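Report on the structure given below.
Read the figures in this text as sums done on the coordinates, not as results from a lab. Remember, it's a predicted structure, so these values are computed and weren't measured experimentally. Note that we place each Cβ from the backbone using ideal geometry, even for glycine, and neighbour counts take in every protein chain shown.
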Amino acid sequence: MQIYDLGPEEIELKSFEILTEELAQKGVVLTGDTAPVIKRCIHTTADFEYADSLVFSENAVSKLKELIKLGADIVTDTNMGLSGINKKELGKYGGEVICYMADEEVAREAKERGITRASVSMERAMEKTKPLIFAIGNAPTALITLYNAYKEGRYTPAFVIGVPVGFVNVEAAKELIISTDIPHIVNRGRKGGSNVAAAICNAVLYSMR
């Protein structure tokens, strides 16, 4: 196995070069504005299944870019997602990254109502009047809460990145979002995570430089 003597920036460039070559060996050539998103998810996870499992609604990436340009905020369901999204890049357009999961009032309300903090966090976010991008990498209940609000006509998310990881309700919650006309990027199946949600956001932000 080869050891590369590379600087920090060169390591990332080499990583993308290697994964692009390996995709080509598998007969996969990624083009269009979804390519940077798929490649960054693979880069983040070293999992080539993302080339097949990521689902993009019509013109998803261009719609996401337009929302960012309009100053939309990104709401995450984990502090890991909050940490991973490039806030400096998002801030160039007037947006910020928000996470209510550690809020004491959210925790108290969730306990009193017997629901998840993720659900209460989504409800808290839906009170904001500006357009929101929801980047969900952990809690399927967050997706279910957004779906129910949409189907009941109470709230329409501007965009949903739905990539929670796990076993309980994960696949079903993702399919709920896919079934709607909400603009979305969703990873089918059990795989995902806060790092993947952040990777999708960053891929779009970096492509806007």
Rounded to whole Hz and in sequence order, give me ³J(HN,Hα) for region 66-72 from the Karplus expression 6.51 cos²θ - 1.76 cosθ + 1.60, θ = phi - 60°, writing x for Gly and Pro.
5, 4, 4, 4, 7, x, 4
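What size of dipole, in debye to the nearest 20, comes out for the chain about its Cα centre when the only charges are +1 on Lys and Arg C-beta atoms and -1 on Asp and Glu C-beta atoms? Could you put the intermediate results ahead of the total?
Details: 24 positive and 28 negative charges, 87 e Å.
That gives the chain a dipole magnitude of about 420 debye.
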Could you tell me how far the Cα centroid of region 89-109 sits from the Cα centroid of region 158-172, in Å?
19
Give the peptides 55-64, 11-20, 146-155 in descending order of average Cβ contacts within 10 Å, highest first.
55-64, 146-155, 11-20
If the label point is 7 Å along Cα→Cβ of Asn148, which residues in region 106-134 have backbone nitrogen under 16 Å from it?
109-127
Name the lysines eligible as straight-distance cross-link partners of Lys69: C-alpha to C-alpha under 19 Å, and not fewer than 8 places from it in the same chain.
Lys87, Lys88, Lys92, Lys128, Lys130
Starting from the amide H of Phe159, placed 1.01 Å from N in the peptide plane, find each other amide H under 5 Å away whose residue is 5 or more places distant or on another chain.
Leu132, Phe134
Bridge orientation stat for region 31-207 from DSSP, antiparallel percent rounded to 5, came to 20
Once the dipole of region 1-134 is set up with Lys and Arg at +1 and Asp and Glu at -1 on Cβ about the Cα centre, which of Gln25, Leu67, Ser53 lies farthest towards its positive end?
Leu67
Aspartates and glutamates near Lys151 by alpha-carbon distance under 15 Å, same-chain residues fewer than 8 away left out - which ones?
Glu123, Glu175, Asp181
Please work out the FRET efficiency for the pair Thr180 and Glu49, using the Cβ-Cβ distance as r and a Förster radius of 22 Å; give the result to the nearest 0.05.
0.35
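Given the Cα-Cα distance of Ala102 and Glu66 and 0.36 nm per residue of separation, how much length would full extension add, in nm?
Gain on extension, Ala102 to Glu66, equals 10.0 nm.
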Normalised by the residues of the chain, what does the relative contact order come to in percent, with Cα pairs under 8 Å and at least six apart?
24
